[in-house]
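Here is the structure we will look at.
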Amino acid sequence: MQHLTLEQFRSTNEAGGVLSVTLKAEGAGFEMQIETLRGLAKLVKSRDKNEMRRFLDPRKALLLLRDLGIREAHIDSKKWRPEDNEFERKPRPDRAEAMKAAHEALSHTDWLREKLTMSASDTRPRVSHEQVMSEAQAIIDRKRQAHAEKTTA
């Protein structure tokens, strides 16, 4: 039996090489069995050609087929055991971290956007950079002088 990645499946279908598709249940998920002009094939994950692409929700498999232009599929549910679903899901701490980072980035973007909006709508007169730096240096000089007077007294 051949193994096809999603891109190979797409290319085979566009070339007219797909004869039929069956969603074959195995445990709580479904695997895609593809009948091509060269024989049977299964859809696999791109990164590991030996790991079958599994769909816990058959609707997602049907959406994929629809996106590929395949309008007809067979469903073999003889070995379907939806109660095994909790054993099928693998924890994805990497995705959790990525989602957390994305959420933090979004909240930072919102905060920055709010600050920029407030700044743009500020009607107070503008202060030059030189004036701000001069005032800051005066504060530093006063603090140094006060510190020097404390240590000498």
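Cβ-Cβ under 9 Å, sequence separation 6+ or interchain: first residue in segment 1-26 and on the phi < 0 side of the Ramachandran plot, partner of a type in the set (Phe, Trp, Tyr). Which pairs?
Here the result reads Val18/Phe9; Leu23/Phe30; Leu23/Phe55; Lys24/Phe30; Ala25/Trp80; Glu26/Trp80, each pair linking segment 1-26 to a residue that is of a type in the set (Phe, Trp, Tyr).
Would you confirm whether any residue within segment 49-61 is modelled with pLDDT of 90 or more, closer than 19 Å to Met1 by Cβ, of a type outside the set (D, E, K, R) and assigned to a helix (DSSP H, G or I)?
yes
Run down Pro125, Pro93 and say which single residue is exposed (fewer than 10 other Cβ atoms within 10 Å of the Cβ) and either under 26 Å from the mean Cα position of the chain (by Cα) or hydrophobic (A, V, I, L, M, F, W, C) (or both).
Step by step, each of Pro125, Pro93 is checked, and only Pro93 is exposed (fewer than 10 other Cβ atoms within 10 Å of the Cβ) and either under 26 Å from the mean Cα position of the chain (by Cα) or hydrophobic (A, V, I, L, M, F, W, C) (or both).
Take the residues in segment 5-30 that are more than 23 Å from the chain's Cα centre (by Cα) and acidic (Asp, Glu); name whichever of them is farthest from Glu72 (Cα to Cα).
Going through the qualifying residues, I end up with Glu26.
Given the criteria at pLDDT below 95 and of a type in the set (Ser, Thr, Tyr), does Ser134 qualify?
no
Return only the number of the condition from (1) closer than 30 Å to Leu23 by Cβ; (2) at pLDDT below 90; (3) loosely packed, with under 10 Cβ neighbours inside 10 Å; (4) of a type outside the set (Val, Ile, Thr) that Pro82 does not satisfy.
Just one mismatch for Pro82, condition (3).
List the number of the failed condition for Glu104; all other conditions in (1) exposed (fewer than 10 other Cβ atoms within 10 Å of the Cβ); (2) without any contact (Cβ under 8 Å) to a residue 40 or more places away in the chain; (3) assigned to a helix (DSSP H, G or I) hold.
(1)
The values are calculated or read from the model by the stated rules, or taken from the named source; none is laboratory data. Note that the structure is predicted; figures quoted are calculated from it, not measured. Backbone-built Cβ (ideal geometry, glycine too); neighbour counts: all protein chains shown.
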